[in-house]
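Student: Got a structure for you, questions after.
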Amino acid sequence: QEALYPIYRTDADGKGLDSKHKYTLTFAKDQLPPVNAFWSLTMYNLPQSLLVDNKLNRYLINSPMLPDLKRNGDGGVTLYIQSDSPGADLESNWLPAPKASAFWMALRLYWPKEGALDGKWTAPKAAMVK
């Protein structure tokens with residue numbers, strides 16, 4: 001009840017996450033992780049499971065960053081999970097993936113609300129950009 005950790009090792013099609021692909025993770029309007037404290041999405045390389053060095057020195061995207069994230073037209077938030085920048089206008093929503101490596105991500109919900117604990121809210125799947 002103090003923390004919940006949905007883990008991302010595969011994409012929406014069940015394929016392992018790999019930086020040779022680009023992914024999006026979209027939280028629909030009013031579907032951000034339901035927490036009383038805060039949430040974070042952290043990137044790790046494989047096989048070492050270390051933080052991913054990148055030009056932004058960004059290793060996670062979290063709820064305190066929400067005011068700086070670009071919102072979708074419908075009010076949702078899309079995160080861009082890829083090794084190269086999605087473009088200057090979307091960099092606020094970019095979680096840099098490693099170069100030429102598999103990776104995994106941890107979504108951490110601290111002091112999750114009932115919707116996360118009872119399964120009414122589920123974490124969105126990582127979608128490979130085709």
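Student: What number, in percent, do you get for the relative contact order of the chain if the mean sequence gap of Cα pairs under 8 Å and at least 6 apart is divided by its residue count?
Tutor: In percent, rounded to a whole number, it is 46.
Student: Tell me the carbon and sulfur percent of the accessible area for the chain, rounded to whole percent, probe radius 1.4 Å.
Tutor: 51 percent
Student: Another one. At 0.36 nm per residue, and after removing the present C-alpha to C-alpha distance, how many nm does the segment from Leu32 to Lys20 gain when stretched out fully?
Tutor: 1.6 nm
Student: From the helices alone, meaning DSSP H stretches of at least four residues, give me the mean residue ellipticity at 222 nm for the chain, per-run term -39500 (n - 2.57), in deg cm²/dmol to the nearest 500.
Tutor: -500 deg cm²/dmol
Student: Let me ask something else about it. Provide the descending list of Cα extents for the chain along its principal axes, expressed in whole angstroms.
Tutor: Computed over the chain, the largest-to-smallest principal extents equal 39, 32, 28 Å.
Student: Still on this model: Rounded to the nearest whole Å², what accessible area per residue is found for segment 1-71 with the 1.4 Å probe?
Tutor: Result: 61 Å² per residue.
Student: Give the aspartates and glutamates whose C-alpha is closer than 20 Å to that of Lys99, dropping any in the same chain fewer than 8 places away, or say none.
Tutor: Excluding near neighbours in sequence, the set is Asp11, Asp18, Asp53, Asp84, Glu91.
Student: Let me ask something else. Report the semi-axes of the equivalent ellipsoid for segment 86-127 in whole Å, largest first, where each axis is √(5λ) for an eigenvalue λ of the Cα gyration tensor.
Tutor: 27, 14, 10
The values are calculated or read from the model by the stated rules, or taken from the named source; none is laboratory data. Here the structure is a predicted model, which means the values were calculated and not measured. When the accessible area is computed, the model is the full protein with side chains, heavy atoms only, and any ligands, DNA or RNA have been set aside. Shrake-Rupley method; radii C 1.70, N 1.55, O 1.52, S 1.80 Å.
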